[in-house]
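Please read the structure below before turning to the comments.
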Amino acid sequence: MRFHLELETMQQLHAGADEDVARHTARRRFGNVTCITEERRRMSGLSAIDNVTQDLRYALRSLGRNRGFSVAAVLTLALGIGATTAMFSLMNALLFRPLPVAEPDRLFIINEQRVGAIVRWMGAEEMIPYERFLQYREATSSVFTGLAAWKPASFSLHAGSDPATTVQGALVSANYFDVLGLRAAAGRFAHGDDERAVVISYRYWTTRFQSDPQAIGEVLYLDSRPYTVVGVAPQGFNGTSVVLDLDLWVPALSTGAGNEGISMGSWLLPFGRLRPGVDVTRASAVVNAVAVRTPPGEPQSRVHGARVEPLSAFPSGGRPGMVRDIGMFLVAATLVLLIACANIAGMLLARSVTRAREIAVRLAIGASRGRLVRQLIIESAPIFVMGGGGGLLVTLWFARTLAAWGPELPNGVVLDLSPDLRVYGFALVLSVTTGILIALLPALRASRTELVGALKDGAARGSASTRGRSIFVAGQLALSVVLLVAAGLFVRTLRQALMTDPGFDPTDVTVASIDLDRHGYSEERGRAFYATLTEKLRAVAGVESVGLARYILLSGGVERNDIEAGDSGSGERIHSNATLSAAGPGYFRTLRLPVVAGRAFTKADVAGSAPVVAVNETLARQLWPGQSPLGKQLHTFDRDFEVVGVLRDGKYGTIDEEPYPFMLFPISQRYRGTMTLHVRSRLPAPELIARIRDEVRKLDPNVAVEDAKPLDDVIAMTLLPQRFAAWIIGVFGVMGLFLAAIGIYAVLAYHVAQHTREFGIRLALGARGSEVLLLVMRRAVIIVAAGTAVGLAAAAGLTRILAGQLYGVSPLDPLTFTAAPLTLAAFALVASYIPARRATRVDPVSALRAE
C-alpha cells in the first residue's frame, strides 16, 4: 500500500500540485480502494443470488443517473422488438393460434386429389359434394368418432321492424358442434330434426340481444324464412376459420334448395375427429381407399385419392403462400431489430469507454473478468426488460393502427392481432436473447481494459471504440438501404397497378349485390323485381345510368367454361376456355365499356331471341385468327351463340393479370337470381347506397343489399397484398431510417466529445470553422458511403426474391435503387451536421482548461 501511496503522490507532484494536497489526494483515493477491498472481502461470503441482486440494484441506480442514455436505449429497443413481435403476432393470429375447441390436434379434414369439377374455398380448401360426404361419413366410422361438414354462407336477416341486413354465417351438419366438442353458452345446439333452428354467436348474442336469456326462442327471418334461435355458441368461438367472423349457424338439411339447406348438388368442407389410438397414417389409408373405390358422381371428374390433413384455422392450401408473405414481413421487422441492436451496442460500447477507470479499479482489486462481464450484462438487463415491455406496447399500437388505418379487409374477414401467451412468450425470449447478445460484446471489450493507462488517464483510448461504433452505424445504414429499397419497390408496384387501365371506367360507379334465389323468387318474379328496381333508380336525380351484371369485374368472382368454334378457312374446330359474365343493356354505358367492333346488347336481346355473345379481342384472336369474329358462331353451354360485339381487352380478375379470353352474355338470356347493380351517379356514394337500400326495402323488406360500395373500392381490394406490403414495409423503412439517423448522430456526437481538445487546438492555431466542419463531415460521408454501398449490394441480391410479388417494376428498378440510398444519405448527413456544427463552436480556452 505504501508503494502505491508514494507512486500516487509522485504523480500528483509531477502534475504541479502542492505537496500537502498531493498526499491528501493520494490517501483519499487509496483509502477508498482500501474500503473497496474490505467490502470485496465481505462480499465474497455472499451467495451468487445475493451478488446478482446487488448488481441489479447497482444497475438501476446507474441507469437513474444516466436517464438520457436509458430513455434512448429503451425507446430504440422498443421499436425493434415491437416491429418483430408485431409480425410474429400476425403470423400467430393466422397460422399458429389453435381453434377454441376440445383437443384441436385431433381434428382433421379430408382433402381429395381430383381433376375435372373442382370447388375450392378461399382458393385453397377442396370441397366435396354432399352425397360424397355422406359416403365418407359411413365408410370412415372406424377412424373418426364423427365426420361433420360446413360451408360458409351469407344470409339476408330481417328481425322485427329493423331493415334487412346481411350477416355472415355457415350451413352446418347436425353433428357440427358435437364433433368440435363444444357446449352451448345458452340454450342448446340444433339437432338433426331441427329444420328451422339457428345457433347464434356469443358476440351476436351480446350485441343484438344484450345477453338476454329470453333471446332463446326468438324468431329471425333468414332469407325470408322464419328460424328460431335455439342456442348460443361458446364465447370466443366464431367458426372453424380464423379469417371469418360468423354470426350464426344454420343446420344443413338434405332437403331444400339455396340457403334453406344443403341439396344433393351442394359442395362442403368435411372434417372429423380421430378416434383414440388412431394415427394419421391409418386414417389417411382408410380415407384414400374410400376415395379410390367411390365414383365421384360427376362424369367429367376423376378422383385419384385422398388424405387427411390437420384442421387449421387458416386454409391449409393457402398456408405456404401466407408463410411466404408473412415471412417476408418478419424478415423486414428483423432488419429493424438488427438496426436497433447495432444502435444500442454502439451506445453500450461508448458508455464502457467512459467507465474505463471504474472498470480498471475493479480489475485491479481482484475482480475476475467473468464476474465483471456478468455485472455489465446484468446492468443492461433493465434496459432490455423495459424495451421488451415497450415492444409489447408497440405491438398493441400496430394492431390498433392496422385496424384503423391499414388496408380494409373484405366483407366478413377479420384479423384479430390481440397478443396471447404465445406472443408474450416470444417477446420475453426475444428481449432476453437480444439483451444478452447485445450486452456481451461491449462487456467483453470493457473487461479487457488496459489497467495502467486507465488508472493513469482516467479513460480508455476512444479510437477503438469510435471505430467500433462507426462499423455498427455503417451496418445500420446498410440494413436501412435494404428496407427502403424493398418499401420503394412495393410502393412503385402499387402505383403502377393504380395507373393500369382496367379497360373500363370505374369512376363514380357504385355497385350493390342482391340475391333473390335465396328468397325463393321464381325467374318471372325475379325479372320483374330487377326491372322495377332499375327503372326506379334511373329516375333518381343525379343518376346517369344503371346496369345489371352477374359479377363485379376485378372482384375476384369469376366463372369459366369450355368453348369451341369452327375456323371457316380450314374447317378445323378450335377449343378454348374463357372467363364469362352476363350483363344487361345499360351495363356498357354505365362502365363505359369500349366495344371495338359490332354492337352492345340491346333490349331486343331477350330470352326468346337468337342467343348472342360479345367476346374480347384475345378470345377473338384465338378462335378466328386474322378474321372478323362478327357473325361467327361460338358453341358453349350446349348451344350456339352468335358473336355480335368485340370488347377491348381489359382486366377481369386482378389488376396485374395478363390478357386472357373473356365473353359476355345478355343477362336476359342467362338469368340468375343473384345480380349486381352498377349505378353511375354524381351523388355521394353513402347517399346513393342509402337510396338503393330504400328502394329495395320498398319492393321487399326481407331482401338485403349486399356489399354496397364504390367500384373504386372493389378494385382497390384486389391490390390488398401490394397495399399491405407497401404499408408494413414502408413503416419499417421509416423506422430504419429514423434509427440509422440517430445512430450516425450519436457516433459523431461521441467523436466530437472525444476530440474536443483537438478541435480547440486547431481553432486556437487559426483553423476556420468550415475546416473543422468538413473534417467531421468527412467522417460522416465515409460511414454513409460504406453503409450505402454494402446496402445496395445486399438489396440487389435480396430483392430478386420479391420478383413474383411485383407488378410493372423490375426487382432492380433504377429509380428505386437511386431514390432509396439518396433519401437515406440526405437524412444521415442532416443528422451528421448537428454534431459537426457543434465542433466548430468549441471554445479553445475552455477546451484546453478542461483537459
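The values are calculated or read from the model by the stated rules, or taken from the named source; none is laboratory data. What you are looking at is a predicted structure, and each value in this text was computed from that prediction instead of being measured. Cβ: placed from backbone, ideal geometry, glycine included. Neighbour counts: every protein chain shown. Note: accessible area is taken over every heavy atom of the protein model, side chains too, but ligands, DNA and RNA are not part of it. Shrake-Rupley method; radii C 1.70, N 1.55, O 1.52, S 1.80 Å.
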Query raised in the report: Taking segment 696-715, which residues are basic (Lys, Arg) and either open to solvent by 60 Å² or more (accessible area, probe 1.4 Å) or free of Cβ contacts under 8 Å to residues at least 24 places away in the same chain (or both)?
Result: 697, 698
Report summary line: Within segment 514-527, the residues that are open to solvent by 20 Å² or more (accessible area, probe 1.4 Å), touching a residue at least 60 places away in the same chain (Cβ under 8 Å) and not in a helix (DSSP H, G or I) are 515, 520, 521
Query raised in the report: In segment 660-686, which residue that is of a type in the set (D, E, K, R) and modelled with pLDDT under 95 is surrounded by the fewest Cβ atoms within 10 Å (Cβ to Cβ)?
Result: 682
Query raised in the report: Hey, does segment 775-786 have a residue that's farther than 18 Å from residue 834 by Cα and part of a helix (DSSP H, G or I)?
Result: yes
Report summary line: Only unsatisfied item for residue 816, checking (1) modelled with pLDDT of 85 or more; (2) among the hydroxyl-bearing types (Ser, Thr, Tyr); (3) in contact with a helix residue (DSSP H, G or I) (Cβ under 6 Å, 6 or more places away or on another chain); (4) not in a helix (DSSP H, G or I), is (4)
Requested in this report: Specify which of the listed residues (784, 772, 747) is among the β-branched types (Val, Ile, Thr), over 30 Å from residue 487 (Cβ atoms) and crowded, with 18+ Cβ neighbours inside 10 Å.
Outcome: 772
Query raised in the report: Listed residues 88, 108; which is at pLDDT 85 or above, open to solvent by less than 30 Å² (accessible area, probe 1.4 Å) and within 14 Å of residue 270 (Cα to Cα)?
Result: 108
Report task. Hey, could you check segment 169-190 for residues that are over 18 Å from residue 220 (Cβ atoms) and part of a loop (DSSP other than H, G, I, E, B) and say which is most open to solvent (accessible area, probe 1.4 Å)? Result -> 183
Report summary line: The lone condition residue 651 fails out of (1) open to solvent by 10 Å² or more (accessible area, probe 1.4 Å); (2) within 16 Å of residue 588 (Cβ to Cβ) is (2)
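Rundown of residues vs (1) over 24 Å from the mean Cα position of the chain (by Cα); (2) among the aliphatic types (A, V, I, L, M); (3) part of a helix (DSSP H, G or I), yes/no style:
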| residue | (1), (2), (3) |
| --- | --- |
| 481 | no, yes, yes |
| 485 | no, yes, yes |
| 497 | no, yes, yes |
| 502 | yes, no, no |
| 510 | yes, no, no |
| 529 | yes, no, yes |
| 532 | yes, no, yes |
| 541 | yes, yes, no |
Query raised in the report: Any chance segment 555-565 includes a residue that's out of contact with any Leu (no Cβ under 6 Å at 6 or more places or on another chain) and in a helix (DSSP H, G or I)?
Result: no
**Report entry** Search result, residues across segment 625-637 that are over 45 Å from the mean Cα position of the chain (by Cα) and either modelled with pLDDT under 85 or not basic (Lys, Arg) (or both)
**Finding:** 626, 627, 628, 629, 630, 631, 633
Requested in this report: Report the residue count in segment 280-310 for those that are open to solvent by 40 Å² or more (accessible area, probe 1.4 Å) and free of Cβ contacts under 8 Å to residues at least 40 places away in the same chain.
Outcome: 8
Report task. Only residues that are open to solvent by 30 Å² or more (accessible area, probe 1.4 Å) and modelled with pLDDT under 75: list them for segment 321-354, please. Result -> 351, 354
**Report entry** Flag if residue 495 is over 24 Å from residue 673 (Cα atoms) and open to solvent by 80 Å² or more (accessible area, probe 1.4 Å)
**Finding:** yes
Query raised in the report: Based on what the data block shows, is residue 508 closer than 26 Å to residue 699 by Cβ, open to solvent by 60 Å² or more (accessible area, probe 1.4 Å) and at pLDDT 90 or above?
Result: yes
Query - Of residues in segment 193-210 being without any contact (Cβ under 8 Å) to a residue 40 or more places away in the chain and hydrophobic (A, V, I, L, M, F, W, C), the one surrounded by the most Cβ atoms within 10 Å (Cβ to Cβ) - result: 205
Query raised in the report: Out of the residues in segment 556-576 that are surrounded by 14 or more Cβ atoms within 10 Å (Cβ to Cβ) and modelled with pLDDT of 75 or more, which is nearest to residue 667 (Cα to Cα)?
Result: 563
Query - Those residues of segment 716-732 which are surrounded by fewer than 19 Cβ atoms within 10 Å (Cβ to Cβ) and either among the acidic types (Asp, Glu) or closer than 15 Å to residue 502 by Cβ (or both), in sequence order - result: 717
Query raised in the report: Going by the conditions given, is residue 799 surrounded by fewer than 19 Cβ atoms within 10 Å (Cβ to Cβ) and either in a helix (DSSP H, G or I) or modelled with pLDDT under 85 (or both)?
Result: no
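Rundown of residues vs (1) modelled with pLDDT of 80 or more; (2) over 31 Å from the mean Cα position of the chain (by Cα); (3) of a type in the set (S, T, N, Q), yes/no style:
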site: 750; (1), (2), (3): no, yes, no
site: 757; (1), (2), (3): no, yes, no
site: 776; (1), (2), (3): yes, yes, no
site: 793; (1), (2), (3): yes, no, no
Query raised in the report: Of everything in segment 211-245 that's part of a loop (DSSP other than H, G, I, E, B), more than 25 Å from residue 703 (Cα to Cα) and without any contact (Cβ under 8 Å) to a residue 24 or more places away in the chain, which residue is most open to solvent (accessible area, probe 1.4 Å)?
Result: 212
